[in-house]
Amino acid sequence: MLVTLDTTRADSIGCYGAAAARTPTLDALAARGTRFARALTPSPLTLPAHASLMTGVDPPRHGLHDNGMATLPESLPTLAEAFAEAGYATAAFVASGVLDHRFGLDRGFARYDDRLTAEVVGEYGYPERDAAAVTEAALAWSAGLAAGRPYFLWVHYYDPHSPYVARGGLPADAPPQRRYASEIAFVDEQLGRLLAGLPGDPERRIVAAVGDHGEMLGEHGERAHGILLYRAALEVPLIVAGPGAAGGRVVERTVAAKDLAPSLLGLAGLPPPAGLGPPLSELFGEAGDAKRPVYGETWLPATAYGWSSMLAVTVGSHRYVQAPRPELYDFAADPAESRNLAAAEPRRAAAMRAALAAFAVDPGSAPAARPVDDPELDARLRALGYLSGVTGGSTDDIDPKDGIRMLAEFEEAKALMSAGDLWAARTRLDDLVRRNPANVPFLMRAADARFATGDAPRGVALLERALEINPRLDFLHLRLANARLAAGDAAGATAAFRQALDLNPRLAGAWLGLAQLAAMGGDGAAERALLEEALAAGTVSAGISTRLGQIALAAGDGAAAEDHLARATRLVPTLAAAWWSWGEAAERAGDLELAARRFGRAVELAPGDASALLRTGQLLARLGRTDEALAMLERAARAGGGSPAGVEARRLLLAYGGRREPAADLDEPPEPWRE
């Protein structure tokens, strides 16, 4: 069993020294297994890091350098394929759209559960689900396993990823670090539930828990992860327990987390596929190579922000970071990585730069050691993606250590947008784009500000510029499509929606956009066909199910409407439109009490919707629940003001005798309104 702990710093776990951590499950695994005190991820990004965990090779070999940008080459064998070929039942349960099967990590898994609800998204727009939902799905699968059959189960927990939800009774406004810790405690609790519920003898089960990357939490100026290559982002928990893993052992040397793949195969008695690196020696009673270089990289600064990418190599307790201003740290003597030794120790820096460049060469060719002043070093570093040209677009060659300062200004501009100060936000965002014109997030938000201030042509141009820089982002095509749709450019919107679906066939927003275009053209059959095609493609969306329910209602197909709308409310219990339409289905079926309950839920979720309040009041009156009806109509009158719904609510208040005269806050509008 492989458990990947997304966005989990090593020092957030109790057995790694976090005194206040509530991680009894992971701590117990470490007590009965082997814990690696300094395991490093090759990338502080989810997809590249998991690609390395599944293949045992670094990003220069597997080619996945950023989220959502590429698919794992079919020529690379995966861990799941090796287990499947050996007769294991294989299944994976992932918690974020970052690991969607289209990126290739599903190879070898008979069951790859990545069906996530489109409307349940995190900070960066990817669909996600929490640890409880992942655990439920994994337990349901395991319950159907044939007795005695070996299995390989991968479970991915994503909860510690931003935004941090306050768990376990923690106040919602608790500091970010405490909310982050509560998310990790929640994952630990769910992992314990999963381990307790799995079939088979726990003593025979091999369990490996590993982080994909850490979280900076404000260190060195970075709030989250993906930009800088410091300990908080690179050091991850790595624990292996079960047969073959000595109980209570702690390995102090620096190791590569990717070496877990050949290690798991070795513990299971299976030969690793050709091309994998060496296993973690200590799991097999051997001493490891304390001086073996460990690779690290991040291309996100280049692909997203138009800055320079960064590369790193760690040897023992020293890390060298290749950037416009190179860095060298002794993190054993300087855990905060606050003293850059690159200038003070030029020979060590040069030697480590050469060790870094060697990762650009296929390890199978076993290149001979080269002198430090080898003229091919720069070419090999460019082959790794350092500096310009990593996306086919342009970069502004900004050192991420400098660029990250602009992110604070970016957050301030977004806060101005949220507060409604649109012109001030536009000015700030325009300035950021001027200083950093290859920055995709800056371009996207600057486009939003233009749309909000009535300059749609400039907004569209900014989105088109962002797509020139990074054309493989499905959500960018979706934004452009919606902008063109709002501007009345149906043909341009259709093309952009289709481009988004070419990249992500399960992108609910693109399907809904195409369906809306069909409806605007008066082609109801085409609208329904598009939405059904979306479901056939595997899209999971409460919005799509709601619209199909509404279409079925209009066609008089009550049974189909009931099915679609019930599914929509299960997927997103807080979607008011689904509850409202579901209430209409009950009303048409003649079950007024059920309709009232469903309408009531819709009103709870959208308390300012005057039309919903009015309709609910009318239904309550029909049921003879006069007091409740009058209260609902008063709310409708207040919320509706002089709108048709507000006017009708006033009329009914008088008609039902709730008041002989309207209350002061329910004054009639000046125009005649009675029928």
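The values are calculated or read from the model by the stated rules, or taken from the named source; none is laboratory data. What you see is a predicted model; the values in this text were computed from it and never measured. Neighbour counts are summed over all protein chains in view; Cβ atoms, including those assigned to glycine, are modelled from backbone coordinates with ideal geometry.
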Exercise. Would you say residue 453 is more than 22 Å from the chain's Cα centre (by Cα), within 21 Å of residue 508 (Cα to Cα) and either polar (S, T, N, Q) or at pLDDT 95 or above (or both)?
Worked result: no
Problem set entry | Identity of the residue in region 412-441, in contact (Cβ under 8 Å) with a residue 40 or more places away in the chain and assigned to a helix (DSSP H, G or I), that ends up nearest to the chain's Cα centre (by Cα) | 441
Problem set entry | helices (runs of 4 or more DSSP H) enclosed by region 497-588 - at least 2 residues per element that are touching a Lys or Arg at 6+ places or on another chain (Cβ under 6 Å) and hydrophobic (A, V, I, L, M, F, W, C) | 576-588
Exercise. Out of all the residues in region 18-28, which are at pLDDT 95 or above and over 27 Å from the mean Cα position of the chain (by Cα)?
Worked result: 28
Exercise. Here is a list of conditions, (1) outside any loop (DSSP other than H, G, I, E, B); (2) of a type outside the set (Val, Ile, Thr); (3) touching a Lys or Arg at 6+ places or on another chain (Cβ under 6 Å), and residue 164 meets all of them except one; can you say which number that is?
Worked result: (1)
Exercise. Restricting the search to region 451-479, which residues are of a type in the set (Asp, Glu) and outside any loop (DSSP other than H, G, I, E, B)?
Worked result: 464, 468, 474
Exercise. Which residue, of 267, 276, 260, 228, is more than 17 Å from residue 152 (Cα to Cα), touching a Leu at 6+ places or on another chain (Cβ under 9 Å), in contact (Cβ under 8 Å) with a residue 60 or more places away in the chain and assigned by TED's automatic domain parsing to the domain that holds residue 81?
Worked result: 276
Exercise. In region 132-143, is there at least one residue being under 17 Å from residue 22 (Cβ atoms) and not β-branched (Val, Ile, Thr)?
Worked result: yes
Exercise. In region 4-70, which helices (runs of 4 or more DSSP H) lie fully inside it and hold 3 or more residues that are hydrophobic (A, V, I, L, M, F, W, C) and in contact (Cβ under 8 Å) with a residue 40 or more places away in the chain?
Worked result: 24-31, 46-55
For this session: Hey, can you tell me all the residues within region 119-142 that are part of a loop (DSSP other than H, G, I, E, B) and at pLDDT 95 or above?
Result: 129, 130
Exercise. Quick one: is residue 446 in a helix (DSSP H, G or I) and farther than 30 Å from residue 399 by Cα?
Worked result: no
Problem set entry | From the options 480, 473, residue that is of a type in the set (A, V, I, L, M, F, W, C), at pLDDT below 95 and either touching a strand residue (DSSP E or B) at 6+ places or on another chain (Cβ under 7 Å) or not assigned by TED's automatic domain parsing to the domain that holds residue 225 (or both) | 473
For this session: Name every residue in region 168-184 that is surrounded by fewer than 19 Cβ atoms within 10 Å (Cβ to Cβ) and either closer than 14 Å to residue 13 by Cβ or over 20 Å from the mean Cα position of the chain (by Cα) (or both), in order of residue number.
Result: 168, 169, 170, 171, 172, 173, 174, 175, 178
For this session: Filter region 178-222 down to the residues that are in contact with a Gly (Cβ under 8 Å, 6 or more places away or on another chain) and β-branched (Val, Ile, Thr), then identify the one that is farthest from residue 238 (Cα to Cα).
Result: 206
